[in-house]
Amino acid sequence: MKILGVKFKNLSALSGEWEIRFDQPPLADTGLFAIVGPNGSGKTTILDALSLALYGETPRMRNPESGIINWQSNDSYSEVTFAIGTHVYRSKWSGCKVAGRPEPPEMILADLNGTETVLEDRVIRVRDRVAELTGLDFKRFCRSILLAQGDFAAFLDALESERAEILERIIGPELIRELEGSIFTQVGSEETRLLELQDVASRHTSPDKDRTESLQESVENQQEELAQTQEILDELRVQEDWYQRMTLAESEQEGAAEVLVIAQAQHAQTEKDLRRLEEALPARSLCQDLGSFQNLEAEAQTAADQLHQLEASIQTLEAQSLELEERLRESRVATEEARHRLQERSEEIQGAWLRDRDIAVEEQQLAEVTARLEALERSQAENLQQQAEIGDRIAALRIRQQEIDQWLTANPGVARLENQVPVVEEIVNRLSDERHQLELARARKPEVVKAERVTGKGLRRAEKALQAVQRKVDKLVARKTKRERQLEELLADGTLDSLIADQRNRKRQLEACKQLIKIGQEYREQVIDEDLHEALARIQTEQERLTQLLAQEQAQLAQWEETARWRDTLKRLGPEREVLKVGGPCPLCGALDHPFVEKGLPEFETVDSQLREQRKKVTALRIQLSSLNASETQIRAQVGTLTAIHKAWAETCAQAGGEWPITGSEVVALEIGIRRKAIKQCKSRIRAARWRSWRLRRLNRALHKRSDRLSGKEQACEQSRNRHQMAAQTMAELEEELRELHQTEHAARELLAENFTSMEESLPPVGQEMDLLVLLRNRLQDYRNHLLERDAAAGQLSSLDAQQRTLPQDLEPLREQIKIVIEELAAGRNRLAALQAEREQVFGSFDPVRERQDLEQAIELHNAEQMALREEMETIRRTLREEHTALPEVGLQAENTRAAATEAEAKLLEQAIATGFGSLDELRSCVTWLEREDAIRGHHADTEKTLGEARLRAEATQRELEAMRAESLGGDSLELVRWKMAEAAKHRDSLQVRLRDAEAELRSLREEERDYRELQRAVTDQQKVCDHMRAEQRALQSRDPAAVARKLQRLMLERLLGRANSHLEALSGRYALRPVSEEGFGLQIEDVFQARDCRPVKTLSGGESFVVSLCLALGLSEMASDDRRIESLFLDEGFGTLDDEMLYRVMASLKKLRANGKMVGVISHVKRLGDEITTQIRVEKQPGGSSRISIVA
C-alpha cells in the first residue's frame, strides 16, 4: 500500500482546504520529508486525516465527528488517494454540524483506474472494503504505517517484569490471537509434511554399492585404454602432418618459381621505361615555359566563364524585380479594400459585442443557480435514503437480538464448557503426542530392520570386494615383472638415453652427406667448358678497344654540340645583324668586315640529325662497355666461388665421417641410403623402447592405485562390520520403546473416558478424540460470539435511534430552500431568453465580432507582406547596380588573358621546334615522362630488389623441400596413414561413448545415493520442526490461563525480534537483539564489532536506542501488514532527546529506509531537523488559533 495524497478541509486547527501530494515534486523527489511546527500547531492532524479518510476513525479520538471539525466551521472532509500495486483508489470521509451538533458522517470509496467508479458509499461498507483491499483494518493500519517507535523505546527502558504488559499493549490482542490460531494450524500442516516425507523416504532405497564399485572399475579401465589409443593417434597425426608440410613446401616452391618469372618480366619493362626516359631528357629546358602557358590558358578560360555567369545573373535579377513590383501593387489594393470594409461596419460590430457580453453574464448566473438546486435536491434524497436505511438496520438488529436470546436460552449447558474444555484438551494433546511417538516408532521399525539387513549385506559385499581387489593387485604385479624383462631384452646392455644419442649422431652425419650432395651440385653448376682465366683476358682486351673507340666518338659528339651552339648563337643575333650595312662600321666593335651580311649564313640543316646519330653511337658503346664490365665481375666471382666450394667439401666430409672426391656424388648418394636405413632401424628400436617404458609407467601407476584401493577396501570392510553391530543394537532398543508406548496410550484413553462421562459424552473411537475436542471448542466459541454480538447490537441500536430522531428535523429546511431556488431559476431563464431573442432580431445569424477579427488580421498580413516585398526589391536593385558596374572590368580581363595565352602558345611552339620537337603534343608527352622520372627510377630500383628477393626465395624453398624429403618418417603412404588414423579415431570414439555411458550411469547411482541421504536428512529436520511446534502447542494447552498468555507473549516477542533484527542489521551493520534466557522478557544487545559479545540494552546510547526501537516498530509494521508491501511510513516522536551526532546517525538510518523504496515522513518540533531534512511540510500558527500549511524544499 502506498499513500499518494491527502486532501482535507476544516480539521482541528487547520481551517480551510489543504492538499498534500506525496507522489509529486518536491515530496516525491526526495522520499524523506519532515512535518515540522510548534507544539499544538496541528502536525498530528495530518496523520488523523489519513486514518479518518480510510476508516472513519483516528488513533486519538473515539468519536472523531464530535471533535475533529474545526470550531469555526460547520463542515469538513478528508480525502486520501492510495495505490495497491498499479490500481489507484480514493476514500473520502465528510461530516458537518447543524445547530452546533454533529451529523452522522458519510464515506465514499471510488476506483480511479481509467474512469472514476464508486465502489461503496456507506460508512461500514467503505471501512470493510478498504480493509479487504489493503489487508489492513484500522488497528493494523495504525501499527503498519504510523510507527510506534516511542512505545518500543519505553519497552526497552522498562523492567523485565513490566515488559510483558507493555508488549501486549503495543501489539494488541488481535495479533496474539492470530498467533495462537496459527500455531494450532501449523502443527497439523507440519505433521502432514512429516508424514509425506516419511512416505516418500519409505519408497526410496539405497543404491547397490556392488554395482557402483563395478562401474567405477570399468570406467578406470576404459580411461586407460582411451589414453593408449590417443597416443597411437597422436603418432599417426605427426606422420600426416609431415605429408601435409611436404605438399605445402612443394606448393611454395612452385609459387616462388612463378614469382621469379613475374619479377624478371617486370624488370625488363622498367628497363624499357628507363630508355624512354633518356630520350625525353631534351624537354627538361622547356618544362617551365610549358607550365606558364598552361596557367595562362586556364586563367583565360576562368575569365570567360565569369563573364558569361555575370551576364546571366543580370538578366535573372531584372526579371525578379519586375515580378516583385507587380506583387507589391496587388497587396496595396487588397489592404485598402479591407480598411474600407472595417470602417463601414464599426458601429454594428460594437453593438453586437455589448449584447454578447450581457448574455454570457446571464448564462453564468443561471449555471450557479442550477448547481445550488442540484446540491439541495441531492441532500434531500440522501436524507430520505438514510432514514430508510436506519429503519431497516434497526429492525434487523432487533430481530437478531431476539435470535441471540433464544439461542442462549436453548443452550444453558454450554457455559460450563469454559472449565471442562481445557482439561479435555490437555489429555487429548498428551494422547496425540503419545500416539505420534508410537507412529514414529512404528515408522522407524521397517527402516531399522532394513538397516540391519542392509548393513549385513554391505558387510558381505565389502568382504567380496576386498577379495576382488586383492586378485587384481596380484595380476598387476605379474604383468609388471613380464614387461620389465621385455624392456631389458630390447635395450640389450644400453639405456634409452644412449640409444637416442646414437640416433642423433647418425642424423648429423646423414645431414652432412646431404650437404655434400648440394655442394657437388653447386660445383657442377659453376664449372664450364672454357678456362675462366682465358675468358677473363679476352674480355680485358675487348674493354681496351671499346674504351678507345668511345673516346673518339665522344670527341666527335663534342664537335657537333659546339656547331649546334654556334648555330643557336647566330640565330639569337639575327635582329642585330639586320641593322648592319655592307662597308659600314659595327655599332659594337666598329669592324667594317661583315661576312655573314655579304655571303649569308652557313648551312645548318643536318646539324640536328648528325647530333642525334652521334649521341646514339656514344650510348651504344657505353652499353657494350658496361656489359663487358659485368661479365668481368661475374667471372671473377666464379673463381672465388669455386675456391670456397672446395673448402666447404673438405669440411663437410670430416663431419660426415668419410672421404670422397668432389666429383663422386653418386658414391655419397649410396652412402645416404645405407645410413637412412640404419637410422630407421634405430628409430624403430627407440619407439618400441619408449612404448614399453610408457606402458611400464602406466602399469606402475595402476598398481599404486590398486594398492591404495586395497587399503581403502580393508578400511571399508571394517567400517561395514561396525555398522552392522550398531544396527542390531538399535533394533533391540526400538522393540523396548514400542512396548512402553503401548502401555502409556492405554492409560491416557482410560483417563479421557472418565472426563467424557462427566460431560455426558461417549468416548469416541481410537484416533477420533481430536474431532470431538474440536466440536466442543466450536460450541464454546459460538457461546462467546453470541454474547459479544448481543452487546454490540445493543450499542448500535442506541446510536441508530438517535440518528432516526434527528434526520426528519433536517428535511423541512431543505424543502424550503429548494422551492426558493426553483423560483430564482425560472426568472433567470426568462431573462436569458429575452436577451437571446433581442440579439437574434437585430443581427440574425450574422457575427460582426468575428468579421472584425478577420478584417484586422487580413490588414496585418498585407502590411507584413508589403514590408517583406520592399526589402527584397531593395536587395535586388543593389545587387543589379553592383553587377552592372563590374561587367566592363570582367570583359576587359577576359580579352587580356586570352591574348596573353595566344602569344605564349606561339612563342612556346617556336622554342619546341628549335629544340627538335614537331608539335606541342609531342613536347607535353616528353614532359609527362620527365614528371615520372623519380617514379620510373624508383620503380626500376624496386624491380631489381624484387628480382633479387625472388631468386633468393626460390633457392630457399628448393633447399627446404630437399631437407623435408630427407626427414621421411616411414614407408607408409599418406592414404595408409589416414586409413590408420580413421580406424584409431573410430576405436577412440567407441571408447568415449562407452566411457560416457558408464560415467553417466555412475553419476546417476551417486545422485540417487545423495538424494537418499538428503531425504533422510529432510525427514530428521522436519521431525525437529514438528517436535518444536508440538512443544509450543502443549504450552498453549495448559490449564493455567496466565501461563498460556505469558507463553504467547514470549512467542510473539521471538517473532518480533526476528523481523526487527533484519532491519537492525541493514541500518546499523553491527547490532542484534537477543533474549537473555529461553523464558522471560530479558533482552540484551549483541555487538558484531566486539566479537559478538552481549551487553544489556540499558548500555545503549540515546541514538542507538532510537534506532533499535525504530527497527522494532518496523518489525511490528511487517507483522501487522501480514508481509504486504507497505511503501509509506510516518514517525511521530523520538527526536527531541538526540544530540547532534546521534541525530546525524538517525538521519542516515532513515535515508537507508528511503533507499529501500519507502516514503518516510517524520513529525517533530525539533528545529535542528530542518538542517538535516530540507524537504518539509511546515505547519505554522496564525492569529485567532488556526494554522496554515506550506511545503518547502
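No value in this document is a laboratory result; all are computed from the given coordinates. Please read all numbers here as calculations on a predicted model, not as lab measurements. As a convention, Cβ positions derive from the backbone with ideal geometry for all residues, glycine included, and neighbour counts pool all protein chains shown.
Given a Förster distance of 45 angstrom, what is the FRET efficiency for E962 paired with R994, based on the Cβ-Cβ distance and rounded to 0.05?
It comes out at approximately 0.45.
Using a Cα-Cα cut-off of under 17 Å, which aspartates and glutamates could be cross-linked to K819, ignoring same-chain neighbours fewer than 8 residues away?
The reachable aspartates and glutamates, counting only those whose Cα sits under 17 Å from K819, are E368, E374, E377, D810.
If each residue of separation counts as 0.36 nm, what is the full-extension length gain between E382 and Q364 once their alpha-carbon separation is subtracted?
Here the answer is 3.7 nm.
From the cross-link list K683/K980; K457/K705; K139/K1151; K482/K713; K713/K980, which pairs have alpha carbons spaced over 30 Å apart? List each step's numbers first, then the result.
Numbers: K683/K980 20 Å; K457/K705 26 Å; K139/K1151 27 Å; K482/K713 27 Å; K713/K980 42 Å.
Exceeds cut-off: K713/K980.
Calculate, for R504 and K986, the FRET efficiency according to 1/(1 + (r/R0)^6) with r their C-beta to C-beta distance and R0 30 Å; round to the nearest 0.05.
0.25
With a point put 7 Å past each Cα toward its Cβ, work out how far E666 is from R485 in nm, to one decimal.
Once both label points are built, they end up 5.3 nm from each other.
Taking the Cβ of D305 as the centre, find all other residues whose Cβ is under 15 Å away and add up their charges (Lys, Arg: +1; Asp, Glu: -1).
Around D305, the surrounding residues sum to -3.
Beta carbons within 10 angstrom, averaged per residue: use that to sort the peptides 2-15, 896-909, highest first.
Highest-to-lowest ranking by the protection proxy: 2-15, 896-909.
Based on the alpha-carbon gyration tensor of the range 786-896 and its eigenvalue square roots a ≥ b ≥ c, which shape applies: rounded if a/c is under 1.5, prolate if not and a/b is larger than b/c, or oblate?
Details: a/c = 12.06, a/b = 2.69, b/c = 4.49.
Oblate is the answer for the range 786-896, as a/c is 1.5 or above yet b/c matches or exceeds a/b.
Local charge sum around A941 (other residues, Cβ-Cβ under 15 Å, Lys/Arg +1, Asp/Glu -1)?
Combined, the nearby Lys, Arg, Asp and Glu give -4.
Taking 0.36 nm per residue of separation and subtracting the Cα-Cα distance, what length does fully extending D497 through R393 add?
26.1 nm
R0 = 35 Å: FRET efficiency of A826 with N74, Cβ-based, nearest 0.05?
0.75
Given the Cα-Cα distance of Q1090 and A792 and 0.36 nm per residue of separation, how much length would full extension add, in nm?
101.7 nm
Taking Cα centroids, how far is the range 888-952 from the range 354-371 in Å?
For the range 888-952 versus the range 354-371, the Cα centre distance is 97 Å.
Can you list the lysines whose alpha carbon is less than 21 Å from that of K9, not counting same-chain residues fewer than 8 positions off?
Partners within reach: K43, K92, K97, K1181.
Give me the one-decimal nm value for the distance between modelled label points at E883 and S251, 7 Å along each residue's Cα-to-Cβ direction.
Spacing of the two 7 Å Cα→Cβ label points: 7.0 nm.
Once you order the gyration tensor axes a ≥ b ≥ c over the Cα atoms, which shape class does the range 430-523 get: rounded for a/c under 1.5, otherwise prolate or oblate by comparing a/b with b/c?
Prolate.
Can you compute the modelled spin-label distance between I314 and L974, with each label point 7 Å from Cα toward Cβ, in nm?
Those two pseudo-labels are separated by 8.5 nm.
Roughly how many whole Å is it from the C-alpha centroid of the range 303-331 to that of the range 532-570?
Centre-to-centre (Cα) distance: 76 Å.
Excluding residues on the same chain fewer than 8 positions from K617, give the aspartates and glutamates whose Cα lies under 16 Å from its Cα.
Of all the aspartates and glutamates, those that pass the test against K617 - Cα under 16 Å, at least 8 places apart if same chain - are E278, E279, E553, E561, D608.
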